[in-house]
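**Q** Please see the structure below; I have some questions.
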Amino acid sequence: MAKMKSVDSVKKEKRTKNSKTNTVTKAVKTGNKHQIQKETISKKSRTIAAKKRMESVTIKAKDFISICFGGEDADILKAELDQALEKYDKVTVDFSELGHFTTCFFDLVFTGRLEQMPVEEYDARIFVTNLSEIGKGAYRMAYEGAVEYISLTPKQQEERDQIWEKVFEEMGWI
């Protein structure tokens, strides 16, 4: 029996196929405040870059960070992941010998990529290994939350972004 697609997923696919660019949303820390920035990336430039990549690499997280908890550690590992993804088709991040994880950490390092590439490409290119049970749960929550977010319509995403921005303002983060 064929699986029916929801109206939102059909609309999303149509937008993606007809679009020549992707808009990437990211939180950027300026001083002690976070700002949300949007950046447009050409699909053509991503395709050209993809042709130049080598096969695979493993990043040993412990070589760069000692804990998987805060934004500073996430920024360090994300920079390594970004560099590796430019050069390699597949990137595995090995979390051996690390044991403290938060969902926020995984959001910052990994799931922003789901706004830059289709879920299928993400799943084929980015791998995590040697996570504790807590780490697996935190990663899964971050991943599933990001997949849910990108499945929303642009209006729904904007509404959710406004809610989070209000929360961040109330907490004094922006």
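The values are calculated or read from the model by the stated rules, or taken from the named source; none is laboratory data. Model, not experiment: these values are computed from the prediction. So basically every Cβ, Gly included, is an ideal-geometry build from the backbone, and we count neighbours across all protein chains shown.
**Q** Restricting attention to region 141-156, does a residue exist that is outside any helix (DSSP H, G or I), modelled with pLDDT under 95 and of a type in the set (Val, Ile, Thr)? Explain how you work it out, then say what you get.
**A** Step one: of region 141-156, the residues outside any helix (DSSP H, G or I) are 151-153.
Those still in the list that are modelled with pLDDT under 95 too: 151-153.
From what is left, the residues that are of a type in the set (Val, Ile, Thr) are 153.
So far as region 141-156 goes, yes, one or more of its residues are outside any helix (DSSP H, G or I), modelled with pLDDT under 95 and of a type in the set (Val, Ile, Thr).
**Q** Test each condition in (1) surrounded by fewer than 16 Cβ atoms within 10 Å (Cβ to Cβ); (2) closer than 16 Å to Ile150 by Cβ for Phe127 and report the one that comes out false.
**A** Tallying (1) surrounded by fewer than 16 Cβ atoms within 10 Å (Cβ to Cβ); (2) closer than 16 Å to Ile150 by Cβ, Phe127 fails exactly one: (2).
**Q** Kindly indicate whether any position in region 137-146 is touching a Ser or Thr at 6+ places or on another chain (Cβ under 8 Å), more than 18 Å from Phe95 (Cα to Cα), crowded, with 18+ Cβ neighbours inside 10 Å and not polar (S, T, N, Q).
**A** yes
**Q** Can you name the residue in region 109-162 that is without any contact (Cβ under 8 Å) to a residue 60 or more places away in the chain and of a type in the set (Gly, Ala, Ser) and, of all such residues, is farthest from Gly99 (Cα to Cα)?
**A** Restricting to residues being without any contact (Cβ under 8 Å) to a residue 60 or more places away in the chain and of a type in the set (Gly, Ala, Ser), the top hit is Ala124.
**Q** While we're here: If we keep just the residues of region 67-116 that are of a type in the set (Lys, Arg) and surrounded by 15 or more Cβ atoms within 10 Å (Cβ to Cβ), which is farthest from Tyr139 (Cα to Cα)? So that I can check it myself, show each step before the final result.
**A** Going through region 67-116, the residues of a type in the set (Lys, Arg) turn out to be 78, 87, 90, 113.
If we keep only those that are surrounded by 15 or more Cβ atoms within 10 Å (Cβ to Cβ) too, we end up with 78, 90, 113.
Working: Lys78: 14, Lys90: 18, Arg113: 14 Å.
For region 67-116, the residue satisfying everything is Lys90.
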